[in-house]
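Every read-out reported here was derived from the displayed coordinates using simple, explicitly stated rules and does not represent laboratory data. From a predicted model like this one, the values you see are computed outputs, not experimental measurements. Here the Cβ positions follow ideal geometry from the backbone for every residue, glycine too, while neighbour counts run over all protein chains shown.
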Amino acid sequence: MSKQYLTTHTIDHAHPTDIFSLSTTASQILSSSGSSSIRVHSTNQPDFPLFQTLDNAHKLGCHHTAISTNGQVAASVGFEGEVKIWAVRDDGRWSERTKIVDDNKAGEIWSIALSEDGQYLAATSFDGRINVWDNLADGVKIREFETKGSFGMSIDLSVNGRFTASGHENGGIYIFNNDTGRLLHSLPGLVKPVRAVAFSPRGTLLAAAGDSRVIALYDVSSGDQVATLTGHGAWILSLDWSDSGEYLLSGAFDGKVKVWSIEQRTCVATHMETEKTVWSVKWLPKTGKNEGFATAGANRSISFYREATGG
Amino acid sequence: MASYQRHANAEVIAKIEAIFENIADSLLNEENPYVPVNDIFIPLRNKKHTPLNGNAPSLFDAEPSDGFTNVSFPAKGRPKEAWRFTVLIRILDLMHEALCDNVIVSKRNIYYKDPALFKTQLTVDYYVDIIAYTFGVSRLALNVTAAAKGLVAGNFILKRPDGTQAYRKPGVPQLIDDPHDVQAIDISGVAWILVIEKEVCLWSKGVFSADGPQSTFRTLASSNLQQSSRAGNGIMLTAKGYPDISTRSFLRLLSGSHDLDSISPPIYALTDFDPDGLAIMSTYKHGSFKLSHESAGLNVQGIQWLGVKSQDVLAGNGQNEYNGLLRLSGRNRKKAVDMLERSEMLQEGSKEEEWRRELQIMLMLNVKAEMEVLAEGEGGVKGWVEEKLLANGTSLAADEDLLETHQLADITLGEDRFPSLQANEEDFLLDTHGTPEMSAVGEGSPSLEADEDLLDTYQMADTAFADEGSPISQLDEDLLETHQVGDMSLAEEDSPGLEWDEEL
């Protein structure tokens, strides 16, 4: 059964250059791009007004952002390799709290994820390491996982904080147990670069995708691959689970965005604004019964979709 | 910008500065009556054998101490030593400048900084080597090259300072002339200028042509792009990597060589899709990264990027297999970040925002591609470049003279492929017929031998050419053959200064 999503709004030229990353809270969407500032738009008003601009966040551009599930802490990482931790105030405005620079010069912080409460930041590096920092303890590194040295292109933390998953350029996918600090699974890989990994909201499934153009679903406890979602014709760059865990959203290099039903294991909707690369896709908080999502990428705009009512 | 090379430079810079400091200290001490006069000197390490012939100035009349000879100032009773001292100071100063600005200069460049002082090129050659020997480093570590390393092919006539003219065979890559030996360049009839990043590139995917590894520059030159393009006649140039001063000067000369009443032909750059490709183009356009005021006069601001851009290599990718896409190395990523951080032109809102985006895309996707991937397209590299030239508005229609010529040629030949007829052919025939300049310039040029091989074949071609009655098509065939011969012999040549492809 297919679903229908309609474009409800587009923020044209939200950034002067490619938008690389989106992150959401209950009422905001943060976007980062090849420019130095991070923008915050309100998502609880119909015209999605600009709420705040974090100027000069990353001089060389900002490739990844993350927000804790509780919406209190945000993290951003720039091409210079520095992570900034942001805290939200009561009025909803963000301010910089700390910086994290990987002390190992050979590395380069790339993809990032925050724990549910924002206390822990996990990040991959170019040389394949996965580090975890404690934001409350002034950014002390508390864990360092080693992999085979292939570029860590993607990372996620399970909502319950128990697991870290990383996707690598050589196709490797790893799940680590954060409590024991040990490798839980080295998953049968996708062979090609894994550009996105995402835990389902309850932490039972892991979705992984990239240049192989398929989305692999793994059972987190057993490590078995339980499904392969096929349909994308280009590199998959971004994944996001809906709050309920019913749907998975994916964005690809060719500008196509797909919604997948986990129950049916099929694509239920495909959208394309332009042929320009979609770097990031994110579900929005539900308004009423309807799911909605946002997409952004090389066309420098943020597009908002909402499920069509009726039907 | 590899850091270890910066360190290597820093060492040499420190050595030069130590000499200057020593001199400065001596000058300050001059007022001190307790310090003996005649204490200002530059120590030079003695060589066991004098490597040069009698013409070279000898150092060995000075007093040796611990294997060093001091060139002092003033030197009573040794008037030549004052000159030697000055020469050394001048060369050390120029080297220091080149090292600090991260530019590479040739011995010829140094000579032309002060011909009155140096008197002959030999002086420079000699002292550069002595300084290198004294410091215990290679000449290259001093950022000094022996000769120009650039190559050029295309339709132009050089006008020498002595009034003579030199016509270069447009089909054969030649070493770039020292800009000091060129007064003006006649580029009438040239519709475009193409700067190509590199000459030699071993192609990982195997055979590019039946002859094995081929270079983009030579491939394009031998395909006669500069003469038989639908986009009109052109000039192609390469510095084989990061450009030296001579190549940049030559391009700068070319860029200003159009007639006063016409506009300059567009200048394009064809580079790899990787950080070094952009850095090389940036060096031609804006100078080396550390802004050098000295070489700002060599910048060619009008350069437009023809490719290879992300859209050229990624369009089909993300869908199919990795058509020639490669992963960035750690060094590539560092270079890209370094450029984003340090290059003025790549800052937000600056001139080269497209380059900034391209570097970010490389980093995001962790991919790069060499220009050889273009060979996989239908028309090969030549076809691709031609399409781009045409798409960029470099068209025959823009130049009515050329249009006519080509139509004429078309009628004569009734062929699709245009022969190498150009508007001013008769002019240069008259000018150069008596004194054709065949051999490449530059002492010790490794392609000299190859050029001599070509000499014969060209004289043959020239005879046919000069013969008014000879059909053009025959000439074309002759040229074609000679190009093939030329290419095979030239391909064996070791490109000089290959180690210098890395910007320091």
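Overview of results
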| item | result |
| --- | --- |
| Cα gyration tensor of chain A - equivalent ellipsoid semi-axes, whole Å, descending | 26, 24, 17 |
| Nearest-0.05 FRET efficiency for A:D12 and B:E378, computed from C-beta distance (R0 45 Å) | 0.75 |
| Percentage relative contact order, the range A:7-116, counting C-alpha pairs under 8 Å, at least six apart | 19 |
| Chain lengthening between B:N392 and B:T86 when straightened (0.36 nm per residue, less Cα-Cα) | 105.0 nm |
| Under 15 Å, Cβ to Cβ, from B:S350 - net charge with Lys/Arg +1 and Asp/Glu -1 | -1 |
| Potential extension, A:K276-A:T180 segment - 0.36 nm per residue separation minus Cα distance | 30.3 nm |
| The range A:49-71-the range A:234-249 distance, computed between alpha-carbon centres (Å) | 21 |
| Alpha-carbon gyration tensor eigenvalues x 5, square-rooted, for the range B:79-130, Å | 19, 12, 9 |
| Alpha-carbon centroid distance for the pair the range B:89-153 / the range B:350-395, whole angstrom | 35 |
| FRET E, pair A:I142, B:I263, Förster distance 51 Å, beta-carbon r, rounded to 0.05 | 0.20 |
| Ellipsoid semi-axes in whole angstrom, largest first, where each is sqrt(5λ) of the Cα gyration tensor of the range A:1-55 | 22, 14, 11 |
| Residue list for the range A:107-130, given a label point 7 angstrom along the Cα-to-Cβ vector of A:T204 and an amide N cut-off under 11 Å | none |
| B:D93 paired with A:V226, simple spin-label distance in nm, labels 7 Å along Cα-to-beta-carbon | 7.8 |
| P(r), alpha carbons of the range A:189-251 - 5 Å bins starting at zero, rounded % | 4, 21, 32, 27, 14, 3, 0 |
| Label-point separation, B:Q121 to B:E17 (7 Å along Cα→Cβ), nm | 3.4 |
| Kirkwood hydrodynamic radius over Cα pairs of the range A:42-158, then Stokes diffusion coefficient at 4 °C and 1.567 mPa s, in µm²/s | 88 |
| Bins of 5 Å from zero: percent of alpha-carbon pairs in the range A:137-202 | 4, 18, 27, 25, 17, 7, 1, 0 |
| Förster radius 45 Å - calculated FRET efficiency between B:D114 and B:S329, Cβ distance, rounded to 0.05 | 0.60 |
| Convex hull per residue volume in Å³, alpha carbons only, for the range A:57-122 | 79 |
| For the range A:216-311, alpha-carbon Rg and Dmax in angstrom | 13.6, 40 |
